[in-house]
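The next block holds one structure in the form of structure tokens; read it before the comments.
The values are calculated or read from the model by the stated rules, or taken from the named source; none is laboratory data. As the structure is a prediction and not an experimental result, all values here were calculated from the model. Cβ sites come from the backbone with ideal geometry, for glycine too, and all protein chains shown count toward neighbours.
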Amino acid sequence: MSGSSKSKQSLILLAFVFPALLFYAVFMLAPAFGGAWYSFTDWNGLNPAYHLVGFANYIEALTDDAFFIDSVWFTLKFVVFMVVLQNVLAVLLAVLIESRRRSKAWFRTIFFMPNMMSMIIGGFMWLFIFTKALPYIAEHAGLAFLDQSWIGDPKYSFLAIVIVSLWGGVGYLMVIYIAALQGVPDSLKEAAAIDGANSWQTFRSITLPMVYPAVTIGIFVTLNSSFKAFDAVFALTGGGPGRATQVLALNIFEEAFKMSGRYGYASAKAMILFLVVLVITLIQLSIMKRREVEA
Amino acid sequence: MSTVRLNSTSKSGIAERRRLSSFIVFLFLLAGAVITLFPIYMGVLNSLKTEGDMMNNILAIPSKLEFGNYSDAFEKTNFLRSLGNTVVVAATGLVGIILFSSMAGYKLSRTPGRLSTFLFNLFVLSMLIPFHSIMISLNRISMKLAVQGTTVGLGLIYIGLGVSMAIFLYHGFVKSVPRDLDEAAVIDGCGEVRLFTTIIFPLLLPITTTVAILNLLWMWNDFLLPLLMLTDADQYTLLLSTNMLFGQYGNNDWSAILSSLVLTMLPVVILYLLLQKYILNGIAEGAVKG
């Protein structure tokens, strides 16, 4: 190919990419680099003048800001619960639903439905359940254990957030796992059955290794979504009682837009969130990809 | 030993045990389905009750259907205006994302070389960046560009945030479109733009459906970005208007709130029941490739 035709090709490429690149650069790349830059400044959002402060924001957030440190630990706890519970529940639902013949489509439709809604809407509906319906049921059906201060007591509000997040998220993973299960050839399962394997053995030795790549995706998805959890918490508890359920995203949001307006400082917290998600997901992917090859 | 026992078990015994375990599985799934639908059911049920009826028995069927809650919610959330705003935001974003991403994804996939690879990686890399890490300076930038505070402006921002994933999906799909078509068209003297609009773009319809569904759901259900960008109640989307019903006067008026929750979720639930097949396929595809 001649040089001039190659540069013509590049020009055509740029012309096709330009509109997307323009919007992407202005609303995605610029804020991403801007956020990284401001995280090293004392910018307050209003005053155009600001100073570089080096790592001071990062040091303050990680050593001096009890609310932020609490929200990091709270988020980590939430992430661990979600990664385990959501994936176990989704695999279980997928396997059981796939074993049904006539009711398969119905169950899939129902379990996926919450995923279609904003977790703001879901969270508000559950707020009604937790504050109005459950106390009523507890009183009239004698199920005293349901009568908890679901939103007002930190122990139970954590549980409430986990329940609502599972409700909203498990259907998505279930769909991924069902797609993976449908990729397992029936001949393999039949062969195992002929060899006398029971259903648990078939599941462990045939199905699970075959859907392992989907587990990598499932854990990746849950890690990402639960580190960034915001909507359900916002709708259910608003981070309360006090700050007991303040996830990282909510802490950053409040720092920037509700309280101090310390944009530079809030940007440093946002960078910490980004780095934590990045490092943990990269570690997860590299470990699981390696095991996938071995499996 | 075990083989002996296996042989001694009658065939009908095995069939019976299988039926029993299948029944237990069914009950388990049924219980899960009931729990899943419970909040939605309770929301719909109580949105049709009077306040007194609700307090009296939250689980019961309404003693008299009270549609007044809905007219109340309609008014309080300015439903039609909020719906219109949401449609404007989603339509602006969707048109831009589909048009720009299909163009870019197609050319990036067809053009070999370092520039093309660099641009593709530039788009894809940002899929790892959480929204919360950009929202603070995005807020600043959109204020400066005067896209803050308008529904069309919000749609434009969604284009910038949405193209990455869409380009990734188009890029992958174009690989499966045979190149012969491009070459034949070029020989016939078809220009680049016409080749794309008349031949390539229609062939991309399956992935365009996926991109449209994923992005429509994202924009329709997104809360935080509109919360940051729309400052004037006239511009509020459905979710923002619904959110405003909470705690305005300290006490939650659940009748109006539940009605407005039902109204807000109705469009997506209808969409889901109509397009379920495409949605579930799109989700699986988007997740596996993303």
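Summary table
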item: Candidate set: segment A:172-210, residues that are surrounded by 18 or more Cβ atoms within 10 Å (Cβ to Cβ) and among the hydroxyl-bearing types (S, T, Y); chosen: the one farthest from the chain's Cα centre (by Cα); result: A:T202
item: Sole exception among (1) surrounded by fewer than 20 Cβ atoms within 10 Å (Cβ to Cβ); (2) modelled with pLDDT of 90 or more; (3) within 7 Å of chain B (Cβ to nearest Cβ); (4) over 15 Å from B:T36 (Cα atoms) for A:L92, by number; result: (3)
item: Residues of segment B:140-149 satisfying the condition of being among the polar types (S, T, N, Q) and either modelled with pLDDT under 90 or exposed (fewer than 15 other Cβ atoms within 10 Å of the Cβ) (or both); result: B:Q148
item: Residue tally, condition part of a helix (DSSP H, G or I) and of a type in the set (S, T, N, Q), over segment A:10-65; result: 3
item: The listed residue being aromatic (F, W, Y) and either without any contact (Cβ under 8 Å) to a residue 24 or more places away in the chain or closer than 18 Å to B:I213 by Cβ (or both), out of B:F118, B:F123; result: B:F118
item: Qualifying residue in segment B:114-127 (condition: buried (at least 19 other Cβ atoms within 10 Å of the Cβ) and among the basic types (K, R)); result: no
item: Some residue of segment A:73-88 being modelled with pLDDT under 95 and touching a helix residue (DSSP H, G or I) at 6+ places or on another chain (Cβ under 6 Å); result: no
item: Residues being farther than 18 Å from A:G242 by Cα and buried (at least 22 other Cβ atoms within 10 Å of the Cβ) - total across segment A:148-170; result: 6
item: Hey, A:L127 more than 7 Å from chain B (Cβ to nearest Cβ), in contact with a Phe, Trp or Tyr (Cβ under 8 Å, 6 or more places away or on another chain) and not acidic (D, E) or not; result: no
item: Given (1) at the interface with chain B (Cβ under 8 Å from one of its Cβ atoms); (2) more than 28 Å from the chain's Cα centre (by Cα), index of the condition A:M113 fails; result: (2)
item: Residue list for segment A:116-134, restricted to those being of a type in the set (S, T, N, Q) and either surrounded by fewer than 20 Cβ atoms within 10 Å (Cβ to Cβ) or without any contact (Cβ under 8 Å) to a residue 60 or more places away in the chain (or both); result: A:T131
item: Enumeration of residues in segment B:219-235 that are within 13 Å of another protein chain (Cβ to nearest Cβ) and farther than 14 Å from B:T92 by Cβ; result: B:N221, B:F223, B:L224, B:L227, B:L228, B:T231
item: Residues within segment A:135-147 that are under 21 Å from A:V233 (Cα atoms) and either loosely packed, with under 14 Cβ neighbours inside 10 Å or within 12 Å of another protein chain (Cβ to nearest Cβ) (or both), tallied; result: 2
item: Tally, over segment B:236-254, of residues that are within 11 Å of another protein chain (Cβ to nearest Cβ) and over 17 Å from the mean Cα position of the chain (by Cα); result: 7
item: Residue, farthest from B:T86 (Cα to Cα), within segment B:168-226, restricted to residues that are out of contact with any helix residue (DSSP H, G or I) (no Cβ under 7 Å at 6 or more places or on another chain) and basic (K, R); result: B:R179
item: Residue in segment B:8-26 that is touching a helix residue (DSSP H, G or I) at 6+ places or on another chain (Cβ under 8 Å), in a helix (DSSP H, G or I) and closer than 17 Å to B:D253 by Cβ present; result: no
item: Matching helices (runs of 4 or more DSSP H) fully within segment B:30-144 where at least 3 residues are at the interface with chain A (Cβ under 7 Å from one of its Cβ atoms) and touching a helix residue (DSSP H, G or I) at 6+ places or on another chain (Cβ under 6 Å); result: B:79-110, B:114-125, B:131-144
item: From A:V162, A:V175, A:V184, residue being at pLDDT 95 or above and hydrophobic (A, V, I, L, M, F, W, C); result: A:V162
